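Just below is one structure, and these are the notes that go with it.
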Amino acid sequence: MLSPRRRILGAAILIGGVGLLLFLRLFVGRTITPDGAVEIAFGLPDASVLAIRIGSSIAAIAAGSALALSGLAFQVLLRNPLASPWVLGVSSGA
């Protein structure tokens, strides 16, 4: 068993990593439109790019969280820490 201090440290590292990746996802990358097209149309070139990236980033975090919770549910309900969809035979139904 891990000590409570070590669990908190691990959780903080994971949450910090997700925050860093979210920051990089929002502010680093290609623009979606040609240079100046959004600025001419709306005057705010970065606002529309951020609006699109925020939605997809939140959806990605939600999907990952849902998959993690479903795996946790398998392990808790079956009382098997190695429970996986392939071992249980439920991955073929996807």
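Computed from the coordinates by the stated procedures, all read-outs in this text should not be read as laboratory data. Bear in mind that the values here come from a model prediction, so they are computed numbers and not experimental data. In this analysis, Cβ positions are derived from the backbone assuming ideal geometry, glycine residues included, and neighbour counts consider all displayed protein chains.
Between V28 and S65, what's the calculated FRET efficiency when r is the beta-carbon distance and R0 is 22 Å? Round to 0.05.
Plugging the Cβ-Cβ distance into 1/(1 + (r/R0)^6) gives 0.45.
Assuming R0 = 30 Å, can you tell me the calculated FRET efficiency for the pair A11 and L50, based on Cβ-Cβ distance, to the nearest 0.05? Calculated value: 0.60.
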